[in-house]
Amino acid sequence: DDGYNAAVDRADFFGDLRVRQALAYCLDRPSLIAALRSGQGVPAAGMVPPQSLFYPTGLEALPYDPAEGMRLLDEVGWKDADNNSSTPRVAQNVTNVPNGTPFIISYYTSQAPLRLRVAEILIASLANCGIQANLNSLSVEQLYAAAPEGVLFGRQFDLAQFSWGASS
């Protein structure tokens, strides 16, 4: 990474840890589990499941708490300028984000019905906190295309939902 250049680089929506934490607080993972897994399961705390050898010791999922998520967004400088949570928040003195930038991000996933249902629930959760996520559903070939042009492997996304398997 050669740093941030506003003339060339996209807004750095997730550069501040508090923004990433805010998203975790805003995502209604319990409703997702209730709707799609009949209530069986627990919200993920990281990239690997708790039973994995690579799971970090002591890592716990942040609870669903949209009020805390919105508080963190305000603290960073993502303001609800019109006091309407259904419209995107706007940057005010957010590091590496031009003032006035709306919090509108791209969300990529495949066209699988389950992935689209998950995306629908999570996008609604984010909207409740003033984050607009625009869904882009792609064929598996498009989503997993090789870098640098591919969405995932070319890092051409703000948020991406995908399945990743391991054989051992």
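The values are calculated or read from the model by the stated rules, or taken from the named source; none is laboratory data. Just so we're clear, the structure is a prediction, and the values are computed from it rather than from any experiment. Don't worry about glycine lacking a Cβ; one is built from the backbone with ideal geometry, like all the others, and counts go over all protein chains shown. Protein only, heavy atoms only, side chains kept; ligands, DNA and RNA dropped before computing areas. Shrake-Rupley method; radii C 1.70, N 1.55, O 1.52, S 1.80 Å.
Brief remarks on what is shown
- Output for region 142-168, where each listed residue is farther than 16 Å from LEU32 by Cα and open to solvent by less than 60 Å² (accessible area, probe 1.4 Å): LEU143, ALA145, ALA147, GLY150, VAL151, LEU152, GLY154, PHE157, ASP158, LEU159, ALA160
- Any chance ALA44 is over 27 Å from ASN96 (Cβ atoms) and of a type in the set (A, V, I, L, M, F, W, C): yes
- Test set (1) open to solvent by less than 50 Å² (accessible area, probe 1.4 Å); (2) of a type outside the set (Lys, Arg); (3) in contact with a Gly (Cβ under 7 Å, 6 or more places away or on another chain); (4) over 30 Å from GLY100 (Cβ atoms) - PRO56 fails condition number: (1)
- Identity of the residue in region 32-53, part of a helix (DSSP H, G or I) and open to solvent by 50 Å² or more (accessible area, probe 1.4 Å), that ends up modelled with the lowest pLDDT: ARG37
Listed here are the residues, each with its yes/no results for (1) surrounded by 15 or more Cβ atoms within 10 Å (Cβ to Cβ); (2) in contact (Cβ under 8 Å) with a residue 12 or more places away in the chain; (3) aliphatic (A, V, I, L, M).
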residue	(1), (2), (3)
GLU75	no, yes, no
ASP80	yes, yes, no
ARG89	yes, yes, no
PRO113	no, no, no
VAL118	yes, yes, yes
LEU122	yes, yes, yes
ALA133	yes, yes, yes
VAL140	no, yes, yes
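- Exactly one residue out of GLY69, GLY15 is at pLDDT 90 or above, surrounded by 14 or more Cβ atoms within 10 Å (Cβ to Cβ), under 19 Å from the mean Cα position of the chain (by Cα) and part of a loop (DSSP other than H, G, I, E, B), and it is GLY15.
- If you go through region 73-104 and keep only what is more than 15 Å from the chain's Cα centre (by Cα) and of a type in the set (A, V, I, L, M), you end up with VAL76, ALA81, VAL90, ALA91, VAL94, VAL97.
- Residue tally, condition modelled with pLDDT under 95 and either part of a strand (DSSP E or B) or of a type in the set (Val, Ile, Thr) (or both), over region 122-159: 3
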